[in-house]
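Please treat every number below as a calculation from the coordinates, not as lab data. No experiment lies behind these values; they were computed from the predicted model shown. Note: ideal-geometry Cβ built from the backbone for every residue, glycine included; neighbour counts use all protein chains shown.
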Amino acid sequence: MSHDSKNPITVCFISFHELALKGRNRSVFEKRLRDNLEACLKASDIATGQVKRIAGSLTVVVHDPEKAGECAHLLAQVPGVTAVAIAYKIDRDWEHICEVALKACREAAPAQGAYTFKVESRRSATDYPKNSMDISREVGAYVLAATIDEGASVRMKNPDVLISIKIVGGSTYISTLKIKGIGGLPSGSSGKTVSLLSSGIDSPVASFRMIKRGSVVLGLHFSGRPQTGSESEHLVLEIGQVLARTGGLARIYVVPFGDIQREIASIVEPSLRVIMYRRLMLVIAEKLARSQKAKALITGESLGQVASQTLDNIVATNEAVSMPILRPLIGTDKEEIINEARHIGSFDISIQDADDCCTLFMPRNPETHAQPKQVAASWELLDIEEMCDRALASIEVHDFSTRFGAHKMLSQQASDTPGSL
Ligand code: ATP
Ligand code: MG
């Protein structure tokens with residue numbers, strides 16, 4: 001395919017900051033990001049070329065220019081990506097550069113009225129005869145001469161249209177549109193975790209934060225089934241679809257927990273029930289995590305948000321397990337969590353009504369400051385090992401690994417998988 005000014009090739013230009021800081025690890029992180037981007041594109045129906053490394057960035061050719069926007073938005077959701085620019089790729093012919101810069105400016109300009117623009121350039125090819133300053137100034141003058149009658153003017157600070165020109169090797173990339181990426185680290189660079197995932201607002205956000213930091217997350221949901229219906233499970237699986245877009249969610253396990261809760265409710269005094277449910281959930285999660293070679297648990301707890309999340313109660317549940325419990329929302333206000341849930345796309349799912357195990361056998365006055373002695377005494381009354389084994393034997397698995405990133409980590413499993421896995 002020729003790539004002069006008449007037939008520019010459309011590419012996505014992918015930037016990643018944090019990876020660049022990783023010193024000797026950089027190439028490993030970069031390869032992982034590239035693999036994840038490739039897999040993300042493969043799972044979509046957008047026809048593209050291969051993801052290639054060009055002068056410290058990654059680029060991919062989008063065969064159908066109409067799909068460039070969709071492609072850029074998709075790639076911007078991949079952890080590790082800080083920005084995606086949609087660019088025209090052409091040769092280094094000076095006339096072509098000016099013409100395509102003008103075309104890109106007109107396409108990005110508002111449909112009506114005056115507007116401002118600026119040209120910024122970077123020349124990685126040192127054999128190019130003009131330096132960056134000259135390129136910006138001369139292209140700027142060319143574009144201005146052609147657009148001044150259309151109401152355009154040059155502005156250095158906050159222009160309406162920013163024309164970015166990069167000359168790399170034998171090619172020039174010209175873009176005006178840049179989409180912010182989610183940032184963070186590529187999936188798979190921070191190990192595997194098990195996230196206790198309810199259909200509420202908080203735990204999907206907590207999971208997202210850990211996915212963004214490069215962890216491959218296995219979701220674990222406790223359903224109230226058979227004492228309740230399976231509504232919460234449907235919602236959790238819908239949330240799973242949203243989280244899977246990042247490539248960092250590998251699968252969701254569902255444990256029918258209703259009968260075990262009923263037994264706990266019949267043995268333990270009402271005020272301590274919730275703490276016992278939570279402790280048992282953590283014990284089951286830890287056992288699952290060990291069998292899947294996951295190294296930590298995640299919850300959506302936020303200090304003091306509800307009765308079960310006072311410091312005393314967090315201590316009382318925490319000590320049931322020895323594995324680290326990551327609580328990415330512990331210092332985050334509900335309002336911030338809601339905003340983040342909206343941004344991720346899980347909020348509208350989470351606010352739908354569903355009975356889950358949290359609403360089952362709830363005491364009227366749950367303990368807010370659990371005393372270690374009382375907790376230990378109630379815990380003693382339960383056959384934890386038997387309950388744990390029973391829960392793991394009835395566990396159900398929903399895979400999200402067909403997408404990308406996570407599927408590699410999923411295959412690195414231990415053989416001593418519990419129950420029916
Ligand atoms: P969320 O909005 O995440 O449900 P919440 O504010 O309702 O949180 P709690 O009900 O106290 O708070 O739950 C605290 C944490 O315990 C949750 O964030 C989640 O990590 C875990 N959890 C609660 N219920 C379940 C469940 N049914 N299945 C799996 N994990 C759960
Ligand atoms: Mg909840």
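Once the piece of chain linking Glu336 and Glu150 is laid out straight, how much longer is it, given 0.36 nm per residue of separation minus the C-alpha distance between them?
Working: separation 186, 0.36 × 186 = 66.96 nm, distance 4.30 nm.
Here the segment from Glu336 to Glu150 would lengthen by 62.7 nm.
Here are some pairs, Lys166/Lys212; Lys212/Lys287; Lys89/Lys166; which of them have Cα atoms lying more than 18 Å apart in this structure?
Values: Lys166/Lys212 29 Å; Lys212/Lys287 25 Å; Lys89/Lys166 10 Å.
Among Lys166/Lys212; Lys212/Lys287; Lys89/Lys166, the Cα-Cα distance tops 18 Å for Lys166/Lys212; Lys212/Lys287.
Most mobile of Val51, Val216, Val81 per a Gaussian network model of the chain (Cα springs, under 10 Å)?
So, out of Val51, Val216, Val81, the one fluctuating most is Val51.
Which residue fluctuates most in the GNM of the chain (Cα springs below 10 Å): Ser15, Ser121, Ser44?
Result: Ser44 has the largest fluctuation of those listed.
For segment 53-66, take each phi angle, set θ = phi - 60°, evaluate the Karplus expression 6.51 cos²θ - 1.76 cosθ + 1.60, and give the result in whole Hz per residue in order, putting x for glycine and proline.
Karplus values, whole Hz, x for Gly and Pro: 8, 9, 6, x, 10, 10, 10, 9, 7, 9, 5, 9, x, 4.
Report the extension gain between Ala55 and Gln112 in nm, rounded to one decimal, defined as 0.36 nm multiplied by the number of residues separating them, less their alpha carbon distance.
Working: separation 57, 0.36 × 57 = 20.52 nm, distance 3.67 nm.
Taking Ala55 through Gln112 to full extension adds about 16.8 nm, to one decimal.
Taking the beta-carbon count within 10 Å as an exposure proxy, list Cys40, Cys388 from fewest neighbours to most. Present the calculation step by step, with values, prior to reporting the outcome.
On the way: Cys40 24, Cys388 18.
Listing Cys40, Cys388 from fewest to most nearby Cβ atoms yields Cys388, Cys40.
Using packing as a proxy for protection, rank 127-138, 100-111, 270-281, 238-249 so that the peptide with the highest average count of other Cβ atoms within 10 Å comes first. The partial results should precede the final answer.
Working: 127-138: 14.3, 100-111: 17.9, 270-281: 21.8, 238-249: 23.4.
Going from most to least packed, we get 238-249, 270-281, 100-111, 127-138.
Straight-line reach from Lys157: which lysines have Cα under 19 Å away, leaving out those fewer than 8 places along the same chain?
Counting by Cα, and skipping residues close in sequence, Lys157 has these lysines nearby: Lys118, Lys178.
Suppose R0 equals 22 Å. What FRET efficiency, 1/(1 + (r/R0)^6) with r the Cβ-Cβ distance, do Asn365 and Leu303 give to the nearest 0.05? Let's see the in-between values first.
Working: r = 21 Å, r/R0 = 0.95.
After rounding, the FRET efficiency stands at 0.60.
Most fluctuating residue of Val84, Val161, Val255 in a GNM of the chain with Cα springs under 10 Å: which is it?
Val161
Set the Förster radius R0 to 41 Å, insert the Cβ-Cβ distance between Lys295 and Arg122 as r into 1/(1 + (r/R0)^6), and round the FRET efficiency to 0.05. Walk me through the numbers before you get to the answer.
Details: r = 41 Å, r/R0 = 0.99.
Taking R0 as 41 Å, the efficiency between Lys295 and Arg122 is 0.50.
Determine the calculated [θ] at 222 nm for the chain from helices alone, applying -39500 (n - 2.57) to every DSSP H run no shorter than 4 residues and normalising by the residue count; nearest 500 deg cm²/dmol. It would help to have the intermediate numbers written out before the result.
Working: 14 runs with 160 residues, N = 421.
Roughly -11500 deg cm²/dmol at 222 nm, from the helical runs in the chain.
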